[in-house]
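Everything below concerns the one structure shown next.
The values are calculated or read from the model by the stated rules, or taken from the named source; none is laboratory data. Keep in mind it's a predicted model, so treat the numbers as computed, not measured. With ideal geometry, Cβ positions are generated from the backbone for all residues, glycine too; neighbour counts draw on all protein chains shown. Protein only, heavy atoms only, side chains kept; ligands, DNA and RNA dropped before computing areas. Shrake-Rupley method; radii C 1.70, N 1.55, O 1.52, S 1.80 Å.
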Amino acid sequence: MNQAAAIFAASEIAAAIAWSKKRVGTALAGHVASGTKELSGNKCAAWSIEQLPKAILQELQRIQRVHRYRSTLDVLRDPLREWTLPIPRGQIGAEEWKKAERLMEALAVAVAMPEEASIRERARSAAPHYRRAFGHGISDRQLRVLITRTLDRDRGMKNFARLEIYLPDAPRPAAPRVRRGEAEKIDFQPLADDFATIADREKPTVEERAFCWRKIVEFHAAQIEEGAREVYLKNALAAFVLAEVAAIAESAHAFKRNLNRKLSIVAQDGATALIDGRKCNSGRRRIIAEWDGEIMRLAKASRAYGGRIAQAYRELYLGTHPSGEQFSQAFRDYYAYSVRRNKSDVPDAVLASVRPMMAATDALAHGPKAARLASPSIRRDWTMLPAGASFTADDVTFNHYTYDWCEEGKYEFDGRRFNVTRNQTLVFCDERTGFVLGFSLCPRPQYSADDICAAVAQLCMNRAIGLPTKRFLFERSIWQGKKVKGLVTWAKREEGFLREGIELGMAHATTPKAKIIERILGSLQSMMQALPCYIGRNERLDHFEREEAFLKRLKEYGQPYKEEVNPGERMLSSEAMASEIEKTIRRFNAEPQNGERLPGISPEEGWKRFRKAAPAKVLPEALRYVLATRETPVTVTTEGILLRVGRNRHFYSNSERLGELIGEKVLVRFNPDLPEMVTVCHPAGDPKQLRPFSVPLDKKLPAVGATSDDFSAARSGRKAFTAYGKTIFRAIAPANNLTICHNDIATPEAFERGERIGALHDEHAGLLKKRARRAGTIRQLAGQAGVAIDPSKARRPDAVAQNLLRARELEAAIEREEAEEA
């Protein structure tokens, strides 16, 4: 190769990279020419490839990749070579050519713009045309890539009518041609049925892809056994599979290549080799030896900081914790940390381990009552309770200031004195329907037992309401007074009630969860928010400046220099407030509800419909044969898991493992028509879903009349759910806690009594197991003998089963002897 052939003038470089000669000259400024070259009878400066600036070299390398040159030197030697297709035209699918036609129409305006126009300007002008041609838009970045690719392929020739320059870099080949006779012999229905089980064929999951390939290999083997020709079978398979599940392969050639590879794997290692093992084999599985200890150290520090994991992690990592503790060197080497880059950075695996601990112990850190409130609620079954069976009441301080004219009032206006207060209101409702029966507005900040008795007397003397048939449900404090307890003796004083079998009782709710009326009072407060002088649900935190300023402007009695203010400007009188409360209650009673107790009906309609007890309609167990499996992500709360199926709400909390995941998002699989059990997976702690566990449905107790055994069973499930939090709380309790544990805390007689009780408990548990084991045998033998025996009441189930079996054998022997004598 001579020197003249290895150097190129500016015009040759401009033609090769489709730049203007002026732009090339600007780029070459300051670069010494390698020599001179004669072009068209004129001598001009020329440069070798080694002397070219970086910008021109990068452009030459880019054009080399686009037009598939062997080297950058070939780009300069043959600058007018047209862009060619990567595969023959006849092998490109018709759909690709249709897309190319639409793209040519969309980019026609952009590519025809002057050379000085920027790519951004071209993309801006092409955007509406692209949307019109394809029916949807794309991002500006994607549009710039398409325009740049088209201009590169044209190479400055301005021949934008060539359809092939609009094709993608890897166009999809046409479907393989299958002989008609061969295709008609193949029945693809079994394979189509298998593909029909895929949820989204356009985006199949890894498991679904592996499932498709296993079915394809099985179908291929079955067809070969029936005598199909392998060449035509693979072509037919490629055409059918790409039409049904296009995402399984990029082209027919790729499908057949992958099929051949999988057939060879099956021939060598068996069908099990096609199982995708990435889910089980991937991931970071190495863990440090001190992992459990370091996690508990972090949990203790986080609990001391009120659950702030990031702060505790930072101090333990840097060694700045007040206790002087620090993570081990192995733990710090395992996780890189930079306080300057991200001071709140905590590894995901560490968060997934500590976050459930914090969620499970948040309520315990506040105290026993807070922990009791945070435990799962006991579900009640209201279907069998008629309206009017149980009345409940509670007091509420509505969120509005009112005024009352009073001779000894604190404030004055126009010669009259008045008081400003938030009146206490006693509200009564029916537990079954939530129907608000009435209210009593106390003209004082505090109410007494006399106010309660007076309100209850007025309520129960109303002929439209009367006494409840079962009970009153009140809270504690004043509601436990002797006068209030005396209310339940009314029914015993009247012979008419006794003849009807009405014996009233009184129950006291210990937590807000046990009171239906709490939610009703919240709804009433929301409906009354638009009334004057509203000061928020929490006056100390919710500051309404205009109302606070108005209250300060009121003139107190004995302030001669302060201007008088009419209280009616921004607040209601107590009488007007009572009228507004009555209107609100009427609105609430007439408004349809969507809860479990009132599905789509109003409290007033429910009061009329359920006033008399009616038998409940229950779906027979024999009809529960239709199952529909579902899967949904749910966040575990302090109530456990809540699943909504139509209008029904199902709660699940009786699991110690579920208690470890409070605050975490889990994946729940369940059958809507058979909700007695669900399967739970924790994606954060078990991303491969290799350790699922089951949680039973929380059983509902009767709203009234539940036995102590019912409550014991319900509490055992709650204890299992909260056991993890209590265990973790004890494990990370502050070091200064004093725990006393000694054997002389009780008398020897008490220990002996406890051992006897434990022995009786074990004996009873063993009897229940024997009854359950022998129940089927006893029922079968008793039915054959024609006697009625209840297996659940047998004191010696094994003896009963043996006696019944011996009786059947004796009867068979007697029958044989009688047959021989005859």
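One table, with the values for the structure above:
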| read-out | value |
| --- | --- |
| Segment residue 139-residue 11, length gained on full extension (0.36 nm per residue, minus Cα span) | 42.5 nm |
| Accessible area (Å², 1.4 Å probe, nearest 10) - residue 790 | 70 |
| Segment residue 689-residue 544, extension gain: residue separation times 0.36 nm, minus the distance between their alpha carbons | 47.1 nm |
| When each of 369/719; 608/700; 215/256 is checked by Cα-Cα distance, pairs over 19 Å | 608/700 |
| Approximate spin-label separation residue 117-residue 340, in nm, with each point projected 7 Å along Cα-to-Cβ | 4.9 |
| Efficiency of FRET from Cβ geometry, residue 203 and residue 98, R₀ 30 Å, rounded to 0.05 | 0.80 |
| Simple spin-label estimate for residue 798 and residue 57 in nanometres, 7 Å along Cα-Cβ | 9.3 |
| Simple Cβ-charge dipole of the range 1-157, Lys/Arg +1 and Asp/Glu -1, about Cα centre, in debye nearest 20 | 340 |
| Cα-projected label distance for residue 369 with residue 332, points at 7 Å along beta-carbon direction, nm | 4.5 |
| Largest-first ordering by accessible area, 1.4 Å probe, given options 109, 695, 266 | 109, 266, 695 |
| Per-residue ³J(HN,Hα) for the range 210-216, Karplus 6.51 cos²θ - 1.76 cosθ + 1.60, θ = phi - 60°, Hz, x for Gly and Pro | 4, 4, 4, 5, 5, 5, 5 |
| Pairwise FRET efficiency - residue 715 versus residue 767, Cβ, R0 = 30 Å, nearest 0.05 | 0.85 |
| Dipole-positive endmost among 535, 601, 554 within the range 507-604 (Cβ charges, Cα centre) | 601 |
